[in-house]
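Chemist: Sharing a structure, written as structure tokens. Questions coming.
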Amino acid sequence: MDSELRERVERAARTHALLNAVKYDSDADVGAVMGPLMGEHPEFREHSDEIPGVVAGVVSEVNDLSADERRARLEALAPEELEELEAEDEEDEHALPDLPNVDDGVVMRAAPNPNGPWHLGHARMPAVIGTYKERYDGRFICRFDDTDPETKRPDLDAYDAILDAIEYLGFEPDEVLRASDRLETYYDHARELIDYGGAYTCSCPQGEFSDLKNSGEACPHREKDAETTREEFEAMVDGDYSAGEMVLRVRTDITHKNPALRDWVAFRMIDRPHPRPEAEDYRCWPMLDFQSGVDDHLTGVTHIIRGIDLQDSAKRQRFVYDYFDWEYPEVVHWGHVQVDEYDVKLSTSTIKELIDAGELDGWDDPRAPTIASLRRRGIRGEAIVDAMIELGTSTSNVELSMSAVYSTNRDLIDDDADRYFFVRDGVELPVSGGPDAGHPPVHPEHEERGRRDVPVDDAVLVEPADVPDEGERVWLKGFGCVRHADGELAYVGDDIDAVREEGVPVVHWAPAERGVSVRLRTMDGDVTGVAEPGFADTAVDEMVQFERVGFARVDAHDDAESVAYFAHE
Ligand SMILES: [Zn+2]
């Protein structure tokens, strides 16, 4: 190698060593430099015996530099590649964009309506808020916006179900509030708003008011004096009116170009008592825009995330904020999240109807696109959160891919999941010859965990598709090679070359007599079959892998059968 060539090798090796060291924030490695170096410079290959020595010198020189020096050298040597590297880093760490205006801290809230346990789409809010909380050392408020006892009637079980779901996803709210505990606060703010001239009571029938409003005309009540409004509002609070007889409206701009913002309703009467005993006596209920607007301010919320379809909310609430001279929080609007893998729509009311009609067994039915269902199937909350974060917070609609959730979950559980045989619709075949039992590994990557003991007895079950044709062979995993002859499986031997060289298929099996009956609950309905005897010793909640079927969570064992929930392949 002449000195000119040596110099070129050194220069190229230096760039790669610096890239390698900066990228992983660690020392560079000769092996990691050789690959790209030889790939990009085919002309170096004829010197391949001398080059590793040159590279080693360069690598050791780079490893003597500090992190800052490495970055500075790389910037001088290959500025574009450094830039590319930094852009990649940014993307990896921040699937969620930074929030604006965070200097005074970050307080965010999830504001679920507890009209049912959560479907999968609901996981996005705690996933994103929880992640921002960690990034900014902020606060996470969970506020139940449960001020509609009529059309979005709260389900008393949903409050705890939602808090459980947040915990399962890996987050803990710093504060939990129920809006139905805070009626007096909303009344006080309504009174103040009336004093500012910001609201009036109105007894117009809804249709009549709508007609006036749509043509930009005020109703006769708009100009009533504050004293009358005060009295009528107190009568509302006292429950003196029935539903539809009286509302309190925010005085906005009756000619506003967006009719949805014109003099909107802040409070209305609801005859049906709230299901919570603490709130059952109230009849005068705030509308969501008033309640959530007041609560966001009083609880110090700095950043709100809400659906792009709810842009009018902020505009309506700003009128109230202006009367009170409050500063409106930052708002991030995002698009809807969809999930396509399910037959059941991502909708609380639809799922509830199917459960009521007996078509789903409950919120944790594996066919239901709910958080409770994924949890019962053994999906870790972390896998859902990761997939949700990847979707970002853009205003376009996004689709949650269940395969992304499954792939993360597989990485999380695979190492701990012991292997078992589970045979669906098994065909019973006598076995002649060979050992008494098969001994497949407990886990293929952990030989130290030992081997299972699966008795063969006189006959085994194999899946219909795995039954070899007459005269053909299969390899019963952990047992050996058998040949199908005269209706039975005759032992041939345990030379693995049958599989490696001759392509004999490896199949899973279970003993016909001593297997465990298992019902595997899946997204497509229940599947029954027989597992190897050792499955009876698994613990409830344990994750297992049924070989060639997929991962499952052990749900229950009893004398008649065991139940497992299918997670994913
Ligand atoms: Zn009116």
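Chemist: Of (1) over 33 Å from the mean Cα position of the chain (by Cα); (2) among the hydroxyl-bearing types (Ser, Thr, Tyr); (3) more than 16 Å from the ligand (Cβ to nearest atom), SER292 satisfies all except one. Which?
Modeler: Going through the list (1) over 33 Å from the mean Cα position of the chain (by Cα); (2) among the hydroxyl-bearing types (Ser, Thr, Tyr); (3) more than 16 Å from the ligand (Cβ to nearest atom), SER292 breaks only (1).
Chemist: Could you list, in sequence order, the residues of region 214-232 that are assigned to a helix (DSSP H, G or I) and either within 14 Å of the ligand (Cβ to nearest atom) or open to solvent by 70 Å² or more (accessible area, probe 1.4 Å) (or both)?
Modeler: ASN214, PRO220, HIS221, ARG222, GLU223, GLU227, THR228, THR229, ARG230, GLU231, GLU232
Chemist: Read through the list (1) surrounded by 18 or more Cβ atoms within 10 Å (Cβ to Cβ); (2) in a loop (DSSP other than H, G, I, E, B), then give the number of the only condition that ASP253 fails.
Modeler: Unmet condition: (1).
Chemist: What are the residue pairs meeting all of these: first residue in region 336-352, first residue free of Cβ contacts under 8 Å to residues at least 12 places away in the same chain, second residue surrounded by 14 or more Cβ atoms within 10 Å (Cβ to Cβ) and part of a loop (DSSP other than H, G, I, E, B), Cβ atoms under 7 Å, and 6 or more apart or on different chains?
Modeler: Sorted first by the residue in region 336-352, then by its partner, the pairs are THR350/VAL344.
Chemist: Restricting to region 478-500, give me the number of residues that are in a helix (DSSP H, G or I) and not β-branched (Val, Ile, Thr).
Modeler: 3
Chemist: Scan region 100-123 for residues that are assigned to a loop (DSSP other than H, G, I, E, B) and small (Gly, Ala, Ser) and jot them down.
Modeler: Filtering region 100-123 for residues assigned to a loop (DSSP other than H, G, I, E, B) gives 100-106, 111-118.
GLY105, ALA111, GLY116, listed by residue number.
Chemist: A follow-up question, please. Under 7 Å between Cβ atoms, at least 6 apart or on separate chains: pull out the pairs that start in region 14-36 with a residue that is closer than 12 Å to LEU85 by Cβ and touching a residue at least 24 places away in the same chain (Cβ under 8 Å) and end on any residue that is part of a helix (DSSP H, G or I) and among the small types (Gly, Ala, Ser).
Modeler: ASP25/ALA67
Chemist: Separate question: Of everything in region 256-289 that's assigned to a loop (DSSP other than H, G, I, E, B), charged (D, E, K, R) and more than 13 Å from the ligand (Cβ to nearest atom), which residue is nearest to the chain's Cα centre (by Cα)?
Modeler: The qualifying residue nearest to the chain's Cα centre (by Cα) is ARG276.
Chemist: Is there any pair linking a residue in region 520-536 that is farther than 16 Å from TRP509 by Cα and open to solvent by 20 Å² or more (accessible area, probe 1.4 Å) to one that is among the aromatic types (Phe, Trp, Tyr) and at pLDDT below 95, with Cβ under 9 Å and at least six apart or on different chains, and which?
Modeler: MET523/TYR342
Chemist: What number goes with the only condition from (1) in a loop (DSSP other than H, G, I, E, B); (2) within 16 Å of ARG268 (Cα to Cα); (3) within 14 Å of the ligand (Cβ to nearest atom) that LEU248 does not pass?
Modeler: Here LEU248 clears every test but (1).
Chemist: Is it the case that some residue within region 415-423 is surrounded by fewer than 19 Cβ atoms within 10 Å (Cβ to Cβ), more than 23 Å from GLU172 (Cα to Cα) and among the basic types (Lys, Arg)?
Modeler: Scanning region 415-423 turns up no residue that is surrounded by fewer than 19 Cβ atoms within 10 Å (Cβ to Cβ), more than 23 Å from GLU172 (Cα to Cα) and among the basic types (Lys, Arg).
Chemist: So, of the residues in region 79-106 that are open to solvent by 20 Å² or more (accessible area, probe 1.4 Å) and among the hydrophobic types (A, V, I, L, M, F, W, C), which turns out to be modelled with the lowest pLDDT?
Modeler: Out of the qualifying residues, it is ALA87.
Chemist: Now for a separate question. Six or more apart or on different chains, Cβ under 6 Å: which pairs go from a residue in region 204-217 that's on the phi < 0 side of the Ramachandran plot to one that's away from the ligand (no atom under 11 Å from the Cβ)? Could you list them?
Modeler: Here the result reads LYS213/ARG262; ASN214/PRO259, each pair linking region 204-217 to a residue that is away from the ligand (no atom under 11 Å from the Cβ).
Chemist: From the list SER517, SER562, pick out the single residue that is open to solvent by less than 50 Å² (accessible area, probe 1.4 Å) and of a type in the set (Ser, Thr, Tyr).
Modeler: One residue alone meets the criteria, SER562.
Chemist: Which residues, taken from region 391-414, are within 10 Å of VAL337 (Cα to Cα), touching a strand residue (DSSP E or B) at 6+ places or on another chain (Cβ under 7 Å) and open to solvent by 30 Å² or more (accessible area, probe 1.4 Å)?
Modeler: Passing the criteria: LEU391, ASN397, GLU399.
Chemist: Kindly establish whether GLY170 is on the phi > 0 side of the Ramachandran plot and at pLDDT 95 or above.
Modeler: For GLY170, the condition - on the phi > 0 side of the Ramachandran plot and at pLDDT 95 or above - is met.
Chemist: Further question: In region 1-90, which helices (runs of 4 or more DSSP H) lie fully inside it and hold 3 or more residues that are within 42 Å of the chain's Cα centre (by Cα)? Let's see the steps before the verdict.
Modeler: Working: elements: 3-24, 30-40, 51-63, 67-77.
Filter on region 1-90 gives 3-24, 30-40, 67-77.
Chemist: Residues that are out of contact with any Ser or Thr (no Cβ under 8 Å at 6 or more places or on another chain), buried (at least 23 other Cβ atoms within 10 Å of the Cβ) and closer than 23 Å to GLU359 by Cα: does region 543-551 have at least one?
Modeler: There is no residue in region 543-551 that is out of contact with any Ser or Thr (no Cβ under 8 Å at 6 or more places or on another chain), buried (at least 23 other Cβ atoms within 10 Å of the Cβ) and closer than 23 Å to GLU359 by Cα.
Chemist: Now a separate question. If I ask for residues that are in a loop (DSSP other than H, G, I, E, B) and more than 14 Å from the ligand (Cβ to nearest atom), which ones from region 233-245 would you list?
Modeler: ASP238, GLY239, ASP240, SER242, ALA243
Chemist: Where the second residue is part of a helix (DSSP H, G or I) and among the aliphatic types (A, V, I, L, M) and the first is touching a residue at least 12 places away in the same chain (Cβ under 8 Å) and lies in region 281-304, which pairs have Cβ atoms under 6 Å and are six or more apart or on separate chains?
Modeler: TYR282/LEU183; CYS284/MET236; CYS284/VAL237; GLN291/ALA179; GLY293/VAL320
Chemist: Before we move on, is LYS257 among the charged types (D, E, K, R), farther than 30 Å from PRO97 by Cβ and touching a Lys or Arg at 6+ places or on another chain (Cβ under 7 Å)?
Modeler: No.
Chemist: How many residues does region 533-543 contain that are part of a loop (DSSP other than H, G, I, E, B) and in contact with an Asp or Glu (Cβ under 9 Å, 6 or more places away or on another chain)? Steps first, please.
Modeler: Filtering region 533-543 down to residues part of a loop (DSSP other than H, G, I, E, B) leaves 538-542.
Right, trim to in contact with an Asp or Glu (Cβ under 9 Å, 6 or more places away or on another chain) and you get 538, 540-542.
The total comes to 4.
Chemist: Here is a further query. Using the structure shown, decide if LEU163 is farther than 14 Å from VAL247 by Cα, aliphatic (A, V, I, L, M) and without any contact (Cβ under 8 Å) to a residue 24 or more places away in the chain.
Modeler: For LEU163, the condition - farther than 14 Å from VAL247 by Cα, aliphatic (A, V, I, L, M) and without any contact (Cβ under 8 Å) to a residue 24 or more places away in the chain - is met.
Chemist: Here's a follow-up. Are any residues in region 154-190 open to solvent by 40 Å² or more (accessible area, probe 1.4 Å) and over 24 Å from PRO277 (Cα atoms), and if so, which ones?
Modeler: GLU167, GLY170, GLU172, ASP174
The values are calculated or read from the model by the stated rules, or taken from the named source; none is laboratory data. The structure displayed is predicted, hence computed values, not measured ones. Note that we place each Cβ from the backbone using ideal geometry, even for glycine, and neighbour counts take in every protein chain shown. The protein model used for the area step is the full one, side chains on, heavy atoms only, and it has no ligands, DNA or RNA in it. Shrake-Rupley method; radii C 1.70, N 1.55, O 1.52, S 1.80 Å.
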